[in-house]
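Here's the structure we're looking at; comments come further down.
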């Protein structure tokens with residue numbers, strides 16, 4: 001048998017049972033699970049500086065452990081000096097073992113490195129998903145601060161198959177995300 005990430009083992013052994021009793025599900029298949037984690041970084045300054053996209057792709061790929069891709073504009077917007085098909089962002093979607101490994105690195109090493117950390121807000125999106133905004137990407141230990149030219153932020157979206165916000169919140173809380181009280 002191969003390598004199984006710690007949070008995946010925790011989900012199968014502890015979280016499924018805890019959520020099944022908390023919400024009184026009749027089957028383990030009703031228990032919500034984490035489908036994917038999407039990391040998205042918008043680069044408005046990339047209109048003027050093309051190298052910014054390449055640097056961001058490399059940095060987000062380091063953080064995620066998977067190759068990131070550029071996202072392109074869909075239409076022309078003259079006020080922003082934006083043309084169709086210009087690179088304006090970077091994104092990566094994590095599933096499976098890489099998703100659990102990233103979540104563990106986020107909880108154990110990145111979030112504790114935030115200055116004056118009080119916990120994350122518990123504002124869900126209405127369908128059991130949660131988006132966390134990270135203001136400085138240097139909180140991740142994979143990023144070498146000496147080689148960074150500019151500090152940027154990005155969004156991390158946790159997509160679950162939960163039916164309600166309460167179910168999604170309980171699932172993410174069980175994984176160990178430090179929500180504010």
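The values are calculated or read from the model by the stated rules, or taken from the named source; none is laboratory data. Source: prediction; values computed, not measured. Neighbour counts are summed over all protein chains in view; Cβ atoms, including those assigned to glycine, are modelled from backbone coordinates with ideal geometry.
On the given criteria, is residue 107 under 25 Å from residue 58 (Cβ atoms), in contact with a helix residue (DSSP H, G or I) (Cβ under 9 Å, 6 or more places away or on another chain), loosely packed, with under 14 Cβ neighbours inside 10 Å and in contact (Cβ under 8 Å) with a residue 12 or more places away in the chain?
Numbers: under 25 Å from residue 58 (Cβ atoms): yes; in contact with a helix residue (DSSP H, G or I) (Cβ under 9 Å, 6 or more places away or on another chain): yes; loosely packed, with under 14 Cβ neighbours inside 10 Å: no; in contact (Cβ under 8 Å) with a residue 12 or more places away in the chain: yes.
Taking the combined requirement at face value, the residue does not satisfy it.
What residue, of 176, 153, is in contact (Cβ under 8 Å) with a residue 60 or more places away in the chain, touching a helix residue (DSSP H, G or I) at 6+ places or on another chain (Cβ under 8 Å) and surrounded by fewer than 14 Cβ atoms within 10 Å (Cβ to Cβ)?
Details: 176 fails: surrounded by fewer than 14 Cβ atoms within 10 Å (Cβ to Cβ).
Residue meeting the stated conditions: 153.
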Checklist entry - From the residues in the range 27-39 that are out of contact with any helix residue (DSSP H, G or I) (no Cβ under 6 Å at 6 or more places or on another chain) and assigned to a helix (DSSP H, G or I), which one is surrounded by the most Cβ atoms within 10 Å (Cβ to Cβ)? => result 30
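Would it be correct to say that residue 162 is part of a helix (DSSP H, G or I), surrounded by 14 or more Cβ atoms within 10 Å (Cβ to Cβ) and touching a helix residue (DSSP H, G or I) at 6+ places or on another chain (Cβ under 7 Å)? Lay out the reasoning, then the answer.
Details: part of a helix (DSSP H, G or I): no; surrounded by 14 or more Cβ atoms within 10 Å (Cβ to Cβ): yes; touching a helix residue (DSSP H, G or I) at 6+ places or on another chain (Cβ under 7 Å): yes.
It is false that residue 162 is part of a helix (DSSP H, G or I), surrounded by 14 or more Cβ atoms within 10 Å (Cβ to Cβ) and touching a helix residue (DSSP H, G or I) at 6+ places or on another chain (Cβ under 7 Å).
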Item to check | Selected residue (criterion: surrounded by the fewest Cβ atoms within 10 Å (Cβ to Cβ)) from residues of the range 110-150 that are in contact with a helix residue (DSSP H, G or I) (Cβ under 7 Å, 6 or more places away or on another chain) and more than 21 Å from residue 62 (Cβ to Cβ) | outcome: 126
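Is there a residue being part of a loop (DSSP other than H, G, I, E, B), more than 12 Å from the chain's Cα centre (by Cα), within 30 Å of residue 25 (Cβ to Cβ) and without any contact (Cβ under 8 Å) to a residue 24 or more places away in the chain anywhere in the range 132-148?
Initially, the range 132-148 is screened for residues part of a loop (DSSP other than H, G, I, E, B), giving 135-136, 140-144, 148.
Add one more test, that the residue is more than 12 Å from the chain's Cα centre (by Cα), and what stays is 135-136, 140-144, 148.
Those still in the list that are within 30 Å of residue 25 (Cβ to Cβ) too: none.
So far as the range 132-148 goes, no, none of its residues is part of a loop (DSSP other than H, G, I, E, B), more than 12 Å from the chain's Cα centre (by Cα), within 30 Å of residue 25 (Cβ to Cβ) and without any contact (Cβ under 8 Å) to a residue 24 or more places away in the chain.
If we scan the range 93-104, do we find a residue that is at pLDDT below 90 and surrounded by fewer than 19 Cβ atoms within 10 Å (Cβ to Cβ)? Show your work before the answer.
Here is the first cut: in the range 93-104, the residues at pLDDT below 90 are none.
Within the range 93-104 (the criterion being at pLDDT below 90 and surrounded by fewer than 19 Cβ atoms within 10 Å (Cβ to Cβ)), the answer is no, since none of the residues qualifies.
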Checklist outcome for this item: Scanning the range 80-109 residue by residue, those assigned to a helix (DSSP H, G or I) and either under 24 Å from residue 161 (Cβ atoms) or under 12 Å from the mean Cα position of the chain (by Cα) (or both) turn out to be 96, 97, 98, 99, 100, 101, 102, 103, 104, 105, 106, 107
Checklist entry - Just a yes or no: is a residue in the range 113-120 in a helix (DSSP H, G or I), out of contact with any strand residue (DSSP E or B) (no Cβ under 6 Å at 6 or more places or on another chain) and under 30 Å from residue 16 (Cα atoms)? => result yes
Item to check | Looking only at the range 40-54, and only at residues there that are over 13 Å from the mean Cα position of the chain (by Cα) and either in a strand (DSSP E or B) or surrounded by fewer than 17 Cβ atoms within 10 Å (Cβ to Cβ) (or both), the one that is modelled with the highest pLDDT | outcome: 54
Checklist entry - Just a yes or no: is a residue in the range 9-26 part of a loop (DSSP other than H, G, I, E, B), closer than 18 Å to residue 161 by Cβ and touching a helix residue (DSSP H, G or I) at 6+ places or on another chain (Cβ under 6 Å)? => result no
